[in-house]
Amino acid sequence: MITFRDVHVTYPTGTKGLDGVSLEIPEGEFVVVVGLSGAGKSTLVRAVNGLVPVTSGELEVNGQRVDGARGGTLRRLRADVGMIFQGFNLVTRVSVLRNVLMGRLSHSPVSSLFGVYGAADKEIAFDALDRVGILDKAYVRASRLSGGQQQRVAIARVLAQQPHVVLADEPVASLDPPTANAVMADLRRVQRQLGITTVVNLHFLDLAKSFADRIVGMRAGRIVFDGPAAEVDDRV
Ligand code: ADP
Ligand code: ADP
């Protein structure tokens with residue numbers, strides 16, 4: 001469960017990223033945030049794991065306050081909140097498997113320090129790769145994969161982290177439309193299988209409608225629409 005209570009985010013430049021957002025996302029829901037560029041989608045998603053600090057209001061993830069969280073509290077929170085980015089953020093010179101094992105960092109800090117992971121970590125990583133259909137790429141260098149495959153590696157890395165919440169900030173914005181659709185379908189399928197609460201921001205309404213349980217529309221840092229995907233009209 002993710003709860004925003006009158007959350008404001010003001011950047012150091014004075015720009016308002018969020019202007020009084022209240023939102024409750026129950027466990028297991030797949031929420032897509034839509035809106036024009038600059039609407040605050042990215043700020044909303046990044047606030048959830050503390051990547052963007054909250055200026056005022058309250059933000060809770062599974063009972064844990066995010067606003068004001070620091071140090072060990074923030075680290076524990078982030079261990080439970082996986083993040084997927086537009087640019088994949090892989091270490092492209094190492095293998096796919098190694099990238100996915102990085103998702104085990106918070107579970108096996110000592111193993112990861114020496115780059116030696118246990119059989120259990122590897123099993124989890126292989127299972128994650130299998131779920132997104134790229135098990136056969138485990139020993140391929142990440143730089144050799146296509147964009148769609150690289151984003152699947154990023155999804156597998158998040159799954160290996162075994163989080164309760166996944167955040168995805170424009171995960172398919174750099175992919176061509178058919179690949180974007182296929183990657184969203186993969187993300188949605190594994191999210192359903194594992195029941196992970198997921199918040200994704202997208203700038204294509206048609207993609208949002210195809211995959212969301214619920215769509216949140218934003219404009220100028222505020223929520224202007226919130227409802228089931230089927231009820232979305234042109235207000236957003
Ligand atoms: P979206 O994801 O919908 O494009 P953002 O959340 O990125 O919107 O941005 C919301 C507003 O906050 C915009 O006016 C943007 O320019 C501003 N903004 C975003 N990030 C920063 C930042 N790091 N510093 C200052 N302003 C920012
Ligand atoms: P998006 O629209 O997908 O959120 P942008 O291209 O607007 O991405 O922003 C890219 C990066 O620049 C982000 O890290 C964002 O936080 C930052 N940013 C966006 N707007 C501003 C701004 N007005 N001042 C400073 N940083 C910004």
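The values are calculated or read from the model by the stated rules, or taken from the named source; none is laboratory data. On a predicted model such as this, the values are computed, not experimentally measured, just so you know. Please note: Cβ atoms are built from the backbone with ideal geometry, for glycine as well, and neighbour counts cover all protein chains shown. Calculation scope for accessible area: heavy atoms of the full protein, side chains included, ligands and nucleic acids excluded. Shrake-Rupley method; radii C 1.70, N 1.55, O 1.52, S 1.80 Å.
A few points about this structure:
- Those residues of the stretch 178-208 which are loosely packed, with under 15 Cβ neighbours inside 10 Å, assigned to a helix (DSSP H, G or I) and not aliphatic (A, V, I, L, M), in sequence order: Pro178, Arg189, Arg192, Gln193, Asp206
- Out of Leu90, Leu145, one residue alone is touching a residue at least 24 places away in the same chain (Cβ under 8 Å) and either touching a helix residue (DSSP H, G or I) at 6+ places or on another chain (Cβ under 6 Å) or within 16 Å of ligand 2 (Cβ to nearest atom) (or both). It is Leu90.
- Selection of first residues in the stretch 58-78 that are touching a residue at least 60 places away in the same chain (Cβ under 8 Å) and of second residues that are assigned to a helix (DSSP H, G or I) and open to solvent by less than 70 Å² (accessible area, probe 1.4 Å), restricted to Cβ pairs under 9 Å at least 6 apart or on distinct chains, gives the following pairs, ordered by first then second residue: Val61/Val48; Val61/Leu77; Asn62/Leu77; Asp67/Ala47.
- Candidate set: the stretch 23-40, residues that are open to solvent by less than 10 Å² (accessible area, probe 1.4 Å) and within 17 Å of Leu207 (Cα to Cα); chosen: the one farthest from ligand 1 (Cβ to nearest atom): Phe30
- Taking the stretch 23-32 as the range and being in a strand (DSSP E or B) and either in contact with a Gly (Cβ under 8 Å, 6 or more places away or on another chain) or away from ligand 2 (no atom under 16 Å from the Cβ) (or both) as the test, the residues that pass are Leu23, Glu24, Ile25, Phe30, Val31.
- Condition met for Leu159 (more than 16 Å from ligand 1 (Cβ to nearest atom), more than 19 Å from Asn49 (Cβ to Cβ) and modelled with pLDDT of 95 or more): no
- Meets criteria (over 13 Å from the mean Cα position of the chain (by Cα) and either among the hydrophobic types (A, V, I, L, M, F, W, C) or on the phi > 0 side of the Ramachandran plot (or both)) for Ala180: yes
- Of the residues in the stretch 41-53, at least one is more than 17 Å from Val224 (Cα to Cα), of a type in the set (D, E, K, R) and within 8 Å of ligand 1 (Cβ to nearest atom).
- Selection status of Val52, assigned to a loop (DSSP other than H, G, I, E, B), within 12 Å of ligand 2 (Cβ to nearest atom), touching a helix residue (DSSP H, G or I) at 6+ places or on another chain (Cβ under 8 Å) and at pLDDT 95 or above: yes
- Conditions (1) in a helix (DSSP H, G or I); (2) surrounded by fewer than 21 Cβ atoms within 10 Å (Cβ to Cβ): number failed by Ala156: (2)
- Options Asp127, Asp169, Asp136; residue that is over 30 Å from Ile2 (Cα atoms) and modelled with pLDDT of 95 or more: Asp136
- Each residue in the stretch 2-22 was checked for being surrounded by 23 or more Cβ atoms within 10 Å (Cβ to Cβ) and near ligand 2 (Cβ under 9 Å from one of its atoms), and 1 of them qualify.
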